[in-house]
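Let me begin by presenting the structure, written as structure tokens, before commenting on it.
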Amino acid sequence: MSSNAPEPPSPTTSPDQYAPAPVKRQLRDMAGPPDTSNWSSSSPLASLALKVAQLPDGPINALCGASAGVASGIVTCPLDVIKTRLQAQGSFRPRKYTGPTRAVYKGLTGTARVIWREDGVRGLYRGLGPMLLGYIPTWAVYMSTYESTKEFLNQRMENKWLARTLASVAAGGCSTLVTNPIWVVKTRLMSQVSARASDDHRPPWHYKNTFDAFRKMYAKEGVASFYSGLSPALLGLTHVAIQFPLYEFLKMKFTGLEMGKTDANMENMHWFGIASATVLSKIVATSATYPHEVLRTRLQTQQRSLPTQSHDHVSFRGGQSGTEYQTRPPGTSSSDGMVNLPRYRGVVRTCAVILHEEGWRAFYNGMGTNMVRAVPAAVTTMMTFESLKMVHQKLKNEGRRLRDEE
């Protein structure tokens with residue numbers, strides 16, 4: 001081997017991790033006395049470090065993931081509202097309408113102007129409550145499941161890429177099943193427009209807040225409404241199956257470290273490498289799997305209803321009485337006794353309906369806005385996660401050092 005060969009990446013743990021205690025002390029003495037000015041045995045930091053050193057990695061990964069998700073949700077909520085409006089556009093028009101589709105929302109800035117004019121700042125933050133409520137369990141379940149599954153599979157298979165892919169699918173499936181009801185409510189609230197909006201683009205519901213949405217959906221549409229769009233949501237597992245293995249591959253190329261790992265020098269976080277890996281992996285995953293998000297939004301924003309014996313105003317939208325709502329909800333009976341079926345039924349039929357009524361471009365409604373939203377959200381998420389993992393690793397190492405000294 002050439003003497004000029006580059007040095008291998010810095011290890012994620014200290015080189016004396018598995019050495020006997022006397023050897024550890026000797027290595028620490030050779031490296032010089034550690035900076036213990038803030039880590040005296042009686043200080044709060046020392047107590048915290050000792051407690052952190054005793055905690056398993058699972059709850060820590062869950063906490064770091066939840067915190068990262070909340071941070072990205074607060075930063076990108078307005079862009080998520082704009083994306084949802086663009087994705088849902090065209091799904092509320094009357095079924096008998098045969099004229100050309102009138103687009104109210106046009107692009108990122110055009111949609112933002114419409115929302116600002118009709119709803120103000122509150123309109124840009126519709127659905128923030130369920131978004132934050134959803135990010136906590138979503139990323140807590142995802143990160144803890146992903147890390148534990150990956151560690152389990154790495155011990156049993158040599159193909160690391162396959163292990164990461166399987167771990168990402170398993171983690172995504174668990175988090176989707178747990179949090180789908182919250183995301184349905186978030187999508188409903190974000191697609192809700194003000195009283196000044198056009199009737200053709202008014203959804204058939206009105207919710208005051210998150211808990212009001214849960215209550216009304218359960219009372220009028222049943223438990224099944226909370227799992228609307230579950231099939232395309234599960235199709236979305238292809239997104240994380242691309243994003244996270246690619247992120248880890250790129251991070252290894254750029255920094256020599258896996259996700260959630262830091263080198264011996266805690267001050268060096270490789271920010272540029274982490275950001276670059278996040279941006280590239282998110283762009284590739286989003287571009288490859290975006291249509292499933294439109295399918296999910298259409299199914300989530302379609303109101304469900306049990307059949308009734310009314311023959312008035314049979315149409316796919318409705319569910320509210322009053323002069324401003326001139327149609328009936330899906331599932332109601334027509335005058336000849338035939339049930340009025342929902343417009344969107346299943347993934348395949350929903351694809352066919354959108355393609356027939358709006359063309360293939362509808363599958364990419366809001367994609368530009370989604371890119372502008374998804375990339376900063378991903379960067380915020382991964383930067384926060386990696387930073388918190390660095391803090392955890394530092395506390396864990398100090399806790400172990402203090403425990404060895406005792």
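Here are a few things to note about the model shown:
- Distance between the pseudo-spin-label points of Leu162 and Val178 (7 Å out from Cα toward the beta carbon): 2.8 nm.
- A simple packing score, the average count of other Cβ atoms within 10 Å per residue, orders the peptides 281-288, 158-165 as 281-288, 158-165, with the highest score first.
- Taken over the stretch 118-221, lysine pairs spaced eight or more positions apart, or on distinct chains, with alpha carbons under 23 Å apart number 6.
- Each residue in Arg296, Arg345 was given a count of other beta-carbon atoms within 10 angstrom of its own, and listing them fewest first yields Arg345, Arg296.
- Exposure proxy ranking, count of Cβ atoms within 10 Å, fewest first, for Met252, Met259: Met252, Met259
- Cβ-derived FRET efficiency at R0 51 Å, Arg345 paired with Lys253, nearest 0.05: 0.70
- When each of the peptides 367-375, 51-59 is scored by the mean number of other C-beta atoms lying within 10 Å of its residues, the order from highest to lowest reads 367-375, 51-59.
- All other residues whose Cβ lies under 14 angstrom from that of Phe214 are scored, Lys and Arg at +1 and Asp and Glu at -1, for a net of +4.
- Packing-based ranking, highest mean first, of 142-154, 72-84 given that Cβ atoms within 10 Å are counted: 72-84, 142-154
- Listed from fewest to most Cβ neighbours within 10 Å, the set Arg126, Arg113 follows the order Arg113, Arg126.
Every read-out reported here was derived from the displayed coordinates using simple, explicitly stated rules and does not represent laboratory data. Quantities reported herein were computed from a predicted structural model and do not represent experimental measurements. We place every Cβ from the backbone using ideal geometry, glycine too, and count neighbours over all the protein chains shown.
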